[in-house]
Amino acid sequence: FTSIPSVLDDATFRSNLGIQNLTNMPSTVVVNVAGPTGAGTEMTVALPPRGFVQLLSVNSLFGVGTRGVVHLDPDQHITAFVSTIENATNIPFIIPMNAKGTRLAIAAVSNLGGRYVSSLVVSNEGRAAATVAIRARDSSGAVGDQLLGVSIPAGGFFYTDNILAALGIPDGYGTLEIRSTNAQPIAAQSLVVSASANRGAVMPGTDF
């Protein structure tokens, strides 16, 4: 399995899913889109050799709520992305497939001066509930506050729209470490946006 731990469909955004077959063989991909509890629906998608398919408005297509996570189970080597598009301007955020592991790092998160805000989504890529610890560090590497014992159902996800505020840091900038403490694989991603506009960048969790 591999995942893209963020699809969003609300009054501001919609999300499309693109999948590319990187091989010279026909491919089938089981696509599952789940909500925070892990409940969701799946669809089998066929791709021709070296082919590409796009699924539009995936939250509605798969019957999940405002936020979801995409799990992909291909029989050939693929790559995939989510395009989360601002409805008013048609400007997209491109969200790639994310690494998964039991220890993930995110290079930058912020709520400094109220100018930028970093969300966080952590998806459970395992077959059982994951217990997760989320730790902040400042730019010097010093440990800040942490969330311990975050429980994420199998196939589900944890989400906060301001991870540093959730960690008790009202005004700061630094990095995150996210650890699965019971060996379930996880994926993670932060979206840092301007507090005054829907503009920003995706910061994926990197296995370390």
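Magnitude of the charge dipole for the chain, about its Cα centre and with charges confined to Cβ atoms of Lys, Arg (+1) and Asp, Glu (-1), is about 180 debye. What separates the Cα centres of the stretch 13-90 and the stretch 104-147 is a distance of 25 Å.
If the viscosity is 1.002 mPa s and the temperature 20 °C, what translational diffusion coefficient in µm²/s does Stokes-Einstein give for the stretch 40-103 when Rh comes from Kirkwood over Cα pairs? Once the numbers are plugged in, D ends up at 154 µm²/s.
The string of couplings for the stretch 77-91 from the Karplus curve (6.51, -1.76, 1.60, θ = phi - 60°) is 6, 10, 10, 8, 8, 10, 9, 9, 10, 6, 4, 5, 10, 6, 8 Hz, one whole number per residue in order, with x for Gly and Pro.
Exposure check, 1.4 Å probe, all protein chains in place: Glu177 carries approximately 30 Å² of accessible surface. Across the stretch 123-129, coupling constants 3J(HN,Hα) worked out from phi with the 6.51/-1.76/1.60 Karplus curve, θ = phi - 60°, read 9, 8, 9, x, 9, 9, 4 Hz, and Gly and Pro carry x.
Calculated accessible area for the stretch 1-154 comes out at 44 Å² per residue, all protein chains present (probe 1.4 Å; ligands, DNA, RNA ignored). Protein heavy-atom surface of the stretch 76-119, 1.4 angstrom probe: 60% of the accessible area is carbon and sulfur, with nucleic acids and ligands not counted. Semi-axis lengths, largest first, of the ellipsoid equivalent to the stretch 1-73 are 23, 13, 9 Å, with √(5λ) applied to each eigenvalue of the Cα gyration tensor.
The phi-based Karplus calculation (6.51 cos²θ - 1.76 cosθ + 1.60; θ = phi - 60°) puts the 3J(HN,Hα) values of the stretch 42-48 at 9, 8, 9, 10, 9, 10, x Hz, whole numbers, x for Gly and Pro.
Where the alpha-carbon atoms of the stretch 79-132 are placed on the principal axes, they occupy 39, 33, 18 Å, in descending order. Computed from the mean reciprocal separation of all distinct C-alpha pairs, what Kirkwood hydrodynamic radius does the chain have, in Å? Evaluated over the chain, this radius sits at 17.3 Å.
For Ala129, the residues whose amide H sits under 5 Å from its own are Ala154, ignoring neighbours fewer than 5 places away on the same chain, with H placed 1.01 Å from N. Its residues counted as N, the stretch 160-208 yields a C-alpha radius of gyration over 2.2 N^0.38 Å of 1.31. Proximity of backbone amide H atoms, modeled 1.01 Å from N, is registered between Phe13 and Asn87 at under 5 Å, excluding neighbours fewer than 5 places apart on the same chain.
For the stretch 131-197, the fraction of C-alpha pairs more than 16 angstrom apart is 50%.
The values are calculated or read from the model by the stated rules, or taken from the named source; none is laboratory data. The model shown is predicted, which means the values in this text are computed figures rather than measured ones. Cβ atoms come from the backbone with ideal geometry, glycine included; neighbour counts cover every protein chain shown. SASA here: full protein model, heavy atoms, side chains in, ligands and nucleic acids out. Shrake-Rupley method; radii C 1.70, N 1.55, O 1.52, S 1.80 Å.
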